[in-house]
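A quick write-up on the structure given underneath.
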Amino acid sequence: MIEAIEGWQCIGCGKISADRPCVGICQDRRVSLVLASDVEGLQLRNKKLESIVRRLLLSKPHANAWEQSFKALQAEASRLLSEETGGD
């Protein structure tokens, strides 16, 4: 589970501050932070990719239609990936 905490970001330099109550054992350490909107975007992308994989796993096309089904899923995956890269 991802924990989100409320904080503040400077619109000039980008500094982030998230004050929390000290419990008396605090030590400052360098951490990596990401924006919640970036995480949400990745979660949405993962859901779309998972949908494609699930359909690939669960579909049982007729013997003479497997290639058409595979190509349709391939095209959908290609569209999703090109959206992420700006249409390469």
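Summary of values
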item	result
Read-out Kirkwood radius over Cα pairs in Å, derived from the coordinates shown; its label in (1) 17.4; (2) 15.7; (3) 13.5	(1)
Cα-based Lys pair tally, the chain, threshold under 28 Å, eight or more apart or on separate chains	5
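Just so you know, all these numbers are worked out from the coordinates, no wet-lab data involved. Remember, it's a predicted structure, so these values are computed and weren't measured experimentally.
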